[in-house]
Amino acid sequence: MTAPVEHSATVSPPVIRRLIDGGLIGALAIAVIGAAGYYLFPNNLALLTRMTAMALLVLSLDLVTGYCGVATLGHAALFGAGAYGAGIAAAHFGISEPLTMTLIGAVAGAVAGLVAGFVILRAHGLAQLVLSIAVIHLFHEAANKASRWTGGSDGLSGIMPNAVFGLFEFDLWGQTAYIYGLALLILVFVALKILVRSPFGMLARGVREDPVRVGAMGVSVHSVLLRVYVISGAVAGIGGALSAISTQVVGLDSLSFTLSAEALVMLVLGGTGSLYGALIGTIVFMFFEDTLSAINPFHWLTIIGALLVMVVLFAPKGLYGSAVALVGRFRRRQA
Amino acid sequence: MQTVFSIAVDALAYGMVLFVISIGLSVTMGLMRVVNLAHGAFAMIAGYLASYAARDLGLGYAAGILIAVVGTVIIAIPLERFLYRRLYGATELTQVLMTIGITFCVIGIANFIFGPTLKTIPLPPALQGSVDLGFRSIAAHRVFAIVCGLVVALALWFLIERTAFGIRLRAAVDNAAMAAALGVRTEVVYAVSFAVAIGLAALGGVVGAELLPVEPYYALRYMVTFLVVVSVGGAGSIPGALLACLVLGAIDTTGRYLAPEYGEFFFYLAVIVIVTLFPRGLLGRSKQ
């Protein structure tokens, strides 16, 4: 008789604790760093907004690569699908309510995730990598060909989003776009944090560690991966929609191999398998890219290349992972 | 008929250039199981060196090829010793990232030294004209590229099937640990085959410069193409790589002639179909 009462009493504190030590602190950190960026670089909000959109792409890649161990060089397909989904809705169908556009972007990304996942997950190792590359090129060429809908190589223009909630107009300085993007990022981050700690998230991690064992437990590995791919597609699609809303143009570069590779580099720089790593990698990469390629784009390539080699050799867990390991070692020595 | 013939010649020349560049990648990937995205970067270094020697120093085409091949191998050996050797046995993700990093570095440094412009490699007069076949004439440098491809295929076949080194190489591909236990110095086999692979990439980069122009982002643009060829053919298989190059070269060239607005759509569609049907490549062997 008393069992259900006890059950609910023991469940609720972990839920709160989970929120506090997981999503809430991260959300607060994003808000604080975002606000700092807003006041430190008031003339560079376009870059900060681009960073936010990229952060969503890298987070979504982290779900697939970091948590499930699927190496892909075609993840921009999901981002670009979201961007084109939101952009086409606005430019051809007159749907310019930003929240609706974001939702359409998420759905388009999820559909692209389903398609890409269906193709990519059929193979392993090298074949998987090559399939992911082929997928991003197919998406790219298809978007280029369907120029009546996508504007082809000229890009899709004529996206005029309405004010958010009918109150906040998208201004010339990009303040609204930045705050909108930041709010999206925080929401997605908290949702992902909950997802990652849920039993399903644990299952995904299990697939990375030992797919054979997970299969032996009676779970379909393929269906877990495909579901992660769809969720990842929705997240990347939100990022794409944000990029379409904030820049008011969608170019073919949002469906490029280069963008996919860059996202992977950002993720590894920060550290795979941790949402914080994805965010830190994005910030570090894009900040340096902006500063250094202003001087000379080839110096930038040299430095990021050398950095990548260094990270692979000396800090395979990425910046965040290595920092955590370092702090852990320090604490153990003190104890 | 005219179109069919010129498509066939272009496809053959393109396929052969692809073959010369990617066969080295295929051998090293079959042997060391390293997904080397930087393979195109070595072809690019060779193109830059050849262009510098032949155009800027005026040393001639043959000297250009020689300098390019030797120079690229000299650059590549320390990379194998210090970077690639750490990748043997690592996960695909690690290998991809490391080799992307190397590619970025090569692009940045090469363009810093030689300047970010299109590098042309002036052809000698003998290769500029066209060869008359009696009923049709074709550009001489395409014939040269096709001949190079055939020579490379034959030489590799001889090296791998008929020499003592080939026996050690095949043993190391089949089972590196067992080969080492039997006294094959696998590290030496690895280093030599890596050098040969890079030399071939360099040769292909220079010979194929008319078809794959040497430009600042060469390594990035064709990075994927070479990997795709190896994956379709099956890593470690010479006939597989040859078949893959001919098939993919034909599909790509035909697509470009007949439906240029689709770009590389058909190329990658074919890749998806082939890789899905043959996950180990057309003629690849299953892993033990």
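Please indicate, with yes or no, whether at least one residue in the stretch A:37-46 is in a helix (DSSP H, G or I), within 30 Å of residue A:141 (Cβ to Cβ) and at pLDDT 90 or above. Among the residues of the stretch A:37-46, not one is in a helix (DSSP H, G or I), within 30 Å of residue A:141 (Cβ to Cβ) and at pLDDT 90 or above, which makes the answer no.
Away from chain A (no Cβ under 14 Å) and surrounded by fewer than 20 Cβ atoms within 10 Å (Cβ to Cβ): does that describe residue B:154? Yes. Put simply, of A:238, A:304 the only residue that is farther than 24 Å from residue B:224 by Cβ, touching a helix residue (DSSP H, G or I) at 6+ places or on another chain (Cβ under 7 Å) and either in contact (Cβ under 8 Å) with a residue 24 or more places away in the chain or part of a helix (DSSP H, G or I) (or both) is A:238.
Going residue by residue through the stretch B:10-25, is there one that turns out to be surrounded by 24 or more Cβ atoms within 10 Å (Cβ to Cβ) and within 14 Å of chain A (Cβ to nearest Cβ)? Yes, some residue in the stretch B:10-25 is surrounded by 24 or more Cβ atoms within 10 Å (Cβ to Cβ) and within 14 Å of chain A (Cβ to nearest Cβ).
Name the residue that is farthest from the other protein chains (Cβ to nearest Cβ), counting only residues in the stretch A:128-149 that are under 23 Å from the mean Cα position of the chain (by Cα) and polar (S, T, N, Q). It comes out as A:132. Filtered by the rule that a residue be within 15 Å of the chain's Cα centre (by Cα) and not hydroxyl-bearing (Ser, Thr, Tyr), the stretch B:156-202 gives B:156, B:194, B:195, B:196, B:197, B:198, B:199, B:200, B:201, B:202. Restricting attention to the stretch A:310-323 and to residues that are under 23 Å from the mean Cα position of the chain (by Cα) and facing chain B (nearest Cβ under 8 Å), the residue that is surrounded by the fewest Cβ atoms within 10 Å (Cβ to Cβ) turns out to be A:316.
Flag: residue B:209 does not match the condition of being buried (at least 22 other Cβ atoms within 10 Å of the Cβ), under 14 Å from the mean Cα position of the chain (by Cα) and farther than 29 Å from residue B:124 by Cα.
Residues in the stretch B:89-103 that are in contact (Cβ under 8 Å) with a residue 60 or more places away in the chain and within 8 Å of another protein chain (Cβ to nearest Cβ) were compared, and the one that is nearest to residue B:216 (Cα to Cα) is B:103.
Is it the case that some residue within the stretch B:68-88 is surrounded by fewer than 17 Cβ atoms within 10 Å (Cβ to Cβ) and at the interface with another protein chain (Cβ under 8 Å from one of its Cβ atoms)? Yes, the stretch B:68-88 contains at least one residue that is surrounded by fewer than 17 Cβ atoms within 10 Å (Cβ to Cβ) and at the interface with another protein chain (Cβ under 8 Å from one of its Cβ atoms). Where the second residue is assigned to a loop (DSSP other than H, G, I, E, B) and the first is β-branched (Val, Ile, Thr) and lies in the stretch A:142-159, which pairs have Cβ atoms under 6 Å and are six or more apart or on separate chains? These pairs meet every condition: A:159/A:248.
For the condition surrounded by fewer than 13 Cβ atoms within 10 Å (Cβ to Cβ) and more than 18 Å from residue B:223 (Cβ to Cβ), what is the one hit in B:137, B:130?
That would be B:137, the only listed residue that is surrounded by fewer than 13 Cβ atoms within 10 Å (Cβ to Cβ) and more than 18 Å from residue B:223 (Cβ to Cβ).
Among all positions in the stretch A:281-289, there is at least one residue which is modelled with pLDDT of 90 or more, within 13 Å of the chain's Cα centre (by Cα) and away from chain B (no Cβ under 14 Å). Looking across the stretch A:254-272, just one residue is away from every other protein chain (no Cβ under 11 Å) and outside any helix (DSSP H, G or I), and that is A:271.
Of all residues in the stretch A:91-109, those satisfying the criterion of being of a type outside the set (Asp, Glu) and modelled with pLDDT under 90 are A:91, A:92, A:93, A:94, A:95, A:96, A:98.
Screening residue A:125 with (1) closer than 19 Å to residue A:54 by Cβ; (2) within 14 Å of chain B (Cβ to nearest Cβ) gives one miss only, at (1). Going by the structure shown, is residue A:115 within 14 Å of chain B (Cβ to nearest Cβ), farther than 22 Å from residue A:277 by Cα and within 20 Å of the chain's Cα centre (by Cα)? Spelling it out, residue A:115 is indeed within 14 Å of chain B (Cβ to nearest Cβ), farther than 22 Å from residue A:277 by Cα and within 20 Å of the chain's Cα centre (by Cα). The helices (runs of 4 or more DSSP H) found wholly in the stretch B:54-173 and carrying at least 3 residues that are closer than 30 Å to residue A:67 by Cα occupy B:92-114.
Does residue A:219 satisfy the condition of being modelled with pLDDT of 90 or more, over 12 Å from the mean Cα position of the chain (by Cα) and more than 14 Å from every other protein chain (Cβ to nearest Cβ)? Even if it seems obvious, please write down each step before you answer.
Values: modelled with pLDDT of 90 or more: no; over 12 Å from the mean Cα position of the chain (by Cα): yes; more than 14 Å from every other protein chain (Cβ to nearest Cβ): yes.
Here the answer is no, as residue A:219 does not meet what is asked.
Do we find a residue being surrounded by fewer than 21 Cβ atoms within 10 Å (Cβ to Cβ), among the charged types (D, E, K, R) and facing chain B (nearest Cβ under 10 Å) anywhere in the stretch A:152-160? No, because not a single residue in the stretch A:152-160 is surrounded by fewer than 21 Cβ atoms within 10 Å (Cβ to Cβ), among the charged types (D, E, K, R) and facing chain B (nearest Cβ under 10 Å). Those helices (runs of 4 or more DSSP H) of the stretch B:180-288 in which at least 3 residues are within 14 Å of chain A (Cβ to nearest Cβ) and of a type in the set (Gly, Ala, Ser), considering only elements entirely within it, cover B:218-233, B:238-258.
For the structure I just gave you, tell me whether residue A:328 is at the interface with chain B (Cβ under 8 Å from one of its Cβ atoms), over 19 Å from residue A:62 (Cβ atoms) and at pLDDT 85 or above. It would help to see each step written out before you state the result.
On the way: at the interface with chain B (Cβ under 8 Å from one of its Cβ atoms): no; over 19 Å from residue A:62 (Cβ atoms): yes; at pLDDT 85 or above: yes.
Criteria not met by residue A:328.
The values are calculated or read from the model by the stated rules, or taken from the named source; none is laboratory data. Being a predicted model, the structure only gives us computed values, none of them experimental. Cβ coordinates were reconstructed from backbone atoms using ideal geometry, including for glycine residues, and neighbour counts include every protein chain displayed.
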